[in-house]
1. Would the stretch 303-316 turn up any residue that is among the β-branched types (Val, Ile, Thr) and within 21 Å of ILE198 (Cβ to Cβ)?
2. Name the single residue that is modelled with the highest pLDDT among those in the stretch 457-492 being open to solvent by less than 40 Å² (accessible area, probe 1.4 Å) and outside any strand (DSSP E or B).
3. Looking at the stretch 278-288 only, could you name the residues that are surrounded by fewer than 17 Cβ atoms within 10 Å (Cβ to Cβ) and of a type in the set (A, V, I, L, M, F, W, C)?
4. Please state which of the following conditions ASP312 fails to meet, knowing it meets all the rest: (1) more than 20 Å from ALA229 (Cα to Cα); (2) more than 24 Å from the chain's Cα centre (by Cα); (3) among the charged types (D, E, K, R).
5. Can you find, within the stretch 140-178, the residue that is modelled with the highest pLDDT among those that are among the small types (Gly, Ala, Ser) and assigned to a strand (DSSP E or B)?
6. Answer with yes or no whether HIS426 is buried (at least 16 other Cβ atoms within 10 Å of the Cβ) and at pLDDT 85 or above.
7. Out of all the residues in the stretch 176-193, is one or more within 18 Å of THR295 (Cβ to Cβ), under 28 Å from the mean Cα position of the chain (by Cα) and among the hydroxyl-bearing types (Ser, Thr, Tyr)?
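The values are calculated or read from the model by the stated rules, or taken from the named source; none is laboratory data. Bear in mind the structure is a predicted one, so any value in this text is a computation, not a measurement. Note: ideal-geometry Cβ built from the backbone for every residue, glycine included; neighbour counts use all protein chains shown. Each accessible area value is taken on the protein alone, full model and side chains, heavy atoms only, with ligands, DNA and RNA left out. Shrake-Rupley method; radii C 1.70, N 1.55, O 1.52, S 1.80 Å.
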Amino acid sequence: MSKIKIIPFGGVCENGKNMYAVEVDEQIFILDVGLKYPETELMGIDVVIPDWEYLIEHKDRIVGVFLTQGHADAIGALPYFLMDFNVPVFGSEMTIELAKLGIKKHKEVKKFKDFHVVDGQTAIEFDNVTVSFFQTTHTIPETLGIVLETSEGNIVYTGDFKFDQTATDGYKTDLARLAEIGQQGVLALLSDSAGANITGASTRETDIGEYIKETFKYHYGRIIVASVASNIMRVQQIIDAAIEVERKIVLSGSDIEQIINTAMSLGKLKLPDDLFITMDEADELDPSQVVILETGKMGEPIKSLEQMATGDNPNVQLAENDLVFVTTTPSYAQETEVQKAKDIIYRSGAEVKFIFDDLNPSGHANQNDLQLMLNFMKPKFFIPIQGEYRLLKRHAELAEEVGVKQENIFITTKGDVLVYENGEFHVGEHIDVSNTMIDGTGIGDIGNIVLRDRRVLSEDGIFVVVATIDRKKKKIVARPQITSRGFVFVKTNRQLMKQSADLVEKVVQDNLDQKEFDWGHLKQDVREKLNRFLFDQTKRHPVILPVIMEINQHAKKKARNAGNGEKKEKQRSKEQHRGRGRGKKRQSENQK
């Protein structure tokens, strides 16, 4: 009997950052290595990736990384993962090419070559596990689900999926393969929960394509289309609509051009050679002939739309008669940002249209789709994944409705270890799995304390106190100087500054008068008492930085005295020299 463990490193009780490890005896299989974009409270953070410290301790047991699709929530953390683990990577042709684009940006791993292309017919044999794949429908071509065939039954990971009977080649779900997997016997199903709250039917992609064409057809000004760069299906629909209404497309975004070129080289996008033009060429055309495809930094377009509206975008400024057409569905974490962007765009004079106001364009399975997948698989044990807790909970309820026993459903958090022993899964010892935050070139060097300080700085500012002391004489040499930024306007709060300086002076002197002097205690005492005083006066808690400098006046006096002694000695030496000179002169005159 094989010993099996399933460990989520991300993707549960959160949006994005999908990563799951399945241990079968001495082998570890990694399913996706995704990232998530920061939420509002993660100030200054670029992206968030999983914490895989546990895997570093067992790196010799990892047999490979198996990717389901090419979106950032599945492959975005791969470059960072490969910095720590030199293991083979498996995925569809499109997924592998996008993964290669990702690692090229990181010099530490850009020479990594151990990629392997798989498809729905591929089966890879390891010691006592066979890994196979099945085709699913998502907003990017060649999306795959993953099957780990063990002696105890199949462990199935769906990845992102939905069912769409109108899906074209490259996007179709292999229904016959799903039925075959279910008939083989599924021990555990890890299934996408992102759409678990969608009660109605998801809009078919053919209908979304027609909706985009209609929007293009009945607007006569410039159209700025916002989309996620890696949503190849949506990009193709935008291209088709532009061709039909005879518009040219300008690509605006940091990664859209590379992704489109990659998709074209693989035959995943179809378009005429003269469709794309530059921004300078667009300026020469009538606005009714232009579409600007905006994907924004890292494929997220909302922030870029705000910059267009406020004039901060160097290439595009919104104007009257422009239509901003948002064809992506932002995450729940971006709802506030979306409403803010909508308001700013209207202020610029442009119109705004969000596709999700009229349609349900989600790339994730709705409730009916989720239950259909459960009926295909007929799992003994069920683990809802990929979603916030409320979505995981709803997916669990849907599973119960189709006959999965409640005691066989596990809603997990990051670091939970599901252990299969004696024919049953149970939650074993929890491992510590936190978030690893990427800020610029820093990987994991930003922690909760730094984030807390950034948050306080953004809300209440900083208060810097500089005091100079002579510790031996136990006195303050110079009155404390105070500098404030982002807290209060100093010129109109002189009394507060004076009272703060008086308080600091007293606290410092009290510490100097103590028999035992401690630098750490002095600074902490200044922080605590000043923080209490400032909160009483302003109801704010700024970051307080006490800077205590020490001088030794006695040492300086001795140095000055020593300096004076040297000067006197030099003067005496000069006078003696002159005296000897005058004596020699008189002796010479007497001889004469």
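1. No - not one qualifying residue is present in the stretch 303-316.
2. In this case the residue turns out to be GLY461.
3. If the condition is that a residue be surrounded by fewer than 17 Cβ atoms within 10 Å (Cβ to Cβ) and of a type in the set (A, V, I, L, M, F, W, C), then MET279, LEU285 are the ones that fit.
4. All conditions pass for ASP312, except number (2).
5. Of everything passing the filter in the stretch 140-178, GLY145 is modelled with the highest pLDDT.
6. So HIS426 fails the test.
7. no
Yes/no matrix, rows are residues, columns are (1) modelled with pLDDT under 90; (2) on the phi < 0 side of the Ramachandran plot; (3) out of contact with any helix residue (DSSP H, G or I) (no Cβ under 7 Å at 6 or more places or on another chain):
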| position | (1), (2), (3) |
| --- | --- |
| GLY11 | no, no, yes |
| GLY16 | yes, no, no |
| VAL22 | no, yes, yes |
| GLU26 | no, yes, no |
| LEU31 | no, yes, yes |
| VAL48 | yes, yes, yes |
| ASP51 | no, yes, yes |
| TYR54 | no, yes, yes |
| VAL63 | no, yes, yes |
